[in-house]
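Report on one structure; see the data block that follows.
The values are calculated or read from the model by the stated rules, or taken from the named source; none is laboratory data. Nothing here was measured: the structure is a model prediction, and the numbers come from that model. Ideal geometry is used to build each Cβ from the backbone, glycine not excepted, and the neighbour counts take in all protein chains shown. Each accessible area value is taken on the protein alone, full model and side chains, heavy atoms only, with ligands, DNA and RNA left out. Shrake-Rupley method; radii C 1.70, N 1.55, O 1.52, S 1.80 Å.
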Amino acid sequence: MRKYSMETAKMYERDIQHFLDQTPNAKTALYADVMLYIEKLRKTHENPRTINRMLYGVKAYYNYLNETNQRETHPCKSLKLRDAKTKQVQLQDLFTETELESLLDRKERYESLRIRNQVIISLLIYQALKAGEIINLKTPDIDLEKGTIYIRKTRKSNARKLELKPNQIMSFYKYIHEVRPILLEKNHKDTSLSAGALAQEGQLIINLRGQEETGEGINYLVETMRHNYPGRKLSVRTIRQSVIANLLKPVSAGGKGKGLREVQYFAGHRKISSTERYRQTGLEELKTAIMKYHPLG
């Protein structure tokens, strides 16, 4: 039986559970069933690395079945995905600061749901966090007295401490002290992790069933707002790209005019070249406007 680090095991457990939830016949699934699952992932995840990571979890699941003699064959042992992530920032897909803030006006049926979703959306449009960074947040990472948030280091990004916007403070306070405790108690008897364990771990963002958020809910939340901008690619990724690009854009062009190093720290980029991809020259801005409003046939 192969051994994994605690972090890897937890990640695989989460991804395997998602696969089992989406694939009722998982234990006896064939190659075609796994590919159907991959197609579902492609519709909800734009980042090929995320899809590949979730495939590794599926492979680990079948490795376990093989090693425990619960199954003789492995339906996706040799499966390799060819999805390629472009490094080019598509400037025509980006959103203005005003457009991003309009996402906070989302209407919700329940007040608790409104506050929870407002916290998530604010982390996307103000701190430009990735879905993975949001689900890794713990309650101690939020310092409401100092108005700061600590984002933990990942395999791809640096740790950093960022300021919270004034309008985030009240939403975070209500979520942490009022909404989150209620969600932890709600239906916790039906979950694999008790409310007490979740509370002890300090998982900041949890779903409406009282379980830890896996990222699916965050992507789905953004998807439900795509109708606000028909024909444009609203996603967690393009929101992050928009925030970073707007920070670098000159004040004369409606941006914040921040320096490269400052934005590099804000975004958690390990290389300055990653930040430079978001900087637009006057010519690039003109090209973007032409392609957006007067696309050439």
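Which value, in Å² and to the nearest 10, is the accessible area of HIS177 when all protein chains are kept and the probe is 1.4 Å?
Around 100 Å² of this residue is reachable by solvent.
Between beta-carbons, use under 12 Å as the cut-off and find the net charge around GLU108, counting Lys and Arg +1, Asp and Glu -1.
Local charge sum for GLU108: +3.
Taking amide H positions as placed in the peptide plane 1.01 Å from N, state which residues far from ARG160 in sequence (5 or more) or on other chains have amide H under 5 Å from it.
ILE151
How much length, in nm to one decimal, is gained on full extension between SER273 and GLU163, taken as 0.36 nm per residue of separation minus their Cα-Cα distance? It would help to have the intermediate numbers written out before the result.
Numbers: separation 110, 0.36 × 110 = 39.60 nm, distance 2.40 nm.
Between SER273 and GLU163, full extension yields an extra 37.2 nm.
Would you please give the residues with an amide H less than 5 Å from that of LYS138, counting only those at least 5 places away or on a separate chain, with H modeled from the backbone geometry?
LEU204
Rounded to whole Hz and in sequence order, give me ³J(HN,Hα) for the range 129-140 from the Karplus expression 6.51 cos²θ - 1.76 cosθ + 1.60, θ = phi - 60°, writing x for Gly and Pro.
7, 7, 4, x, 6, 5, 6, 8, 5, 10, 4, x
Students sometimes get this wrong: rank SER252, SER273, SER242 by accessible area, probe 1.4 Å, all chains present, largest first.
Heavy-atom accessible area, descending, gives SER252, SER273, SER242.
Using 7 Å Cα-to-Cβ label points, what is the SER102/THR139 separation (nm, one decimal)?
Spacing of the two 7 Å Cα→Cβ label points: 3.7 nm.
For each pair in LYS107/LYS186; LYS107/LYS156; LYS146/LYS256; LYS27/LYS138; LYS77/LYS130, compute the distance between the two Cα atoms and list the pairs where it is over 25 Å.
Check vs 25 Å cut-off fails for LYS107/LYS156; LYS27/LYS138; LYS77/LYS130.
Compute the FRET efficiency between THR73 and LEU36 as 1/(1 + (r/R0)^6), taking r as their Cβ-Cβ distance and R0 = 22 Å, and round to the nearest 0.05.
With a Förster radius of 22 Å, E is 0.80.
What figure in square angstrom, to the nearest 10, would you give for the accessible area of ILE142 with a 1.4 Å probe?
So the heavy atoms of ILE142 present about 20 Å² to solvent.
Can you give the FRET efficiency to the nearest 0.05 for MET225 and LYS27, using r as the Cβ-Cβ distance and R₀ = 41 Å?
0.65
At R0 = 30 Å, how high is the FRET efficiency between LYS146 and ASN207 if r is their beta carbon distance? Nearest 0.05 is fine.
0.60
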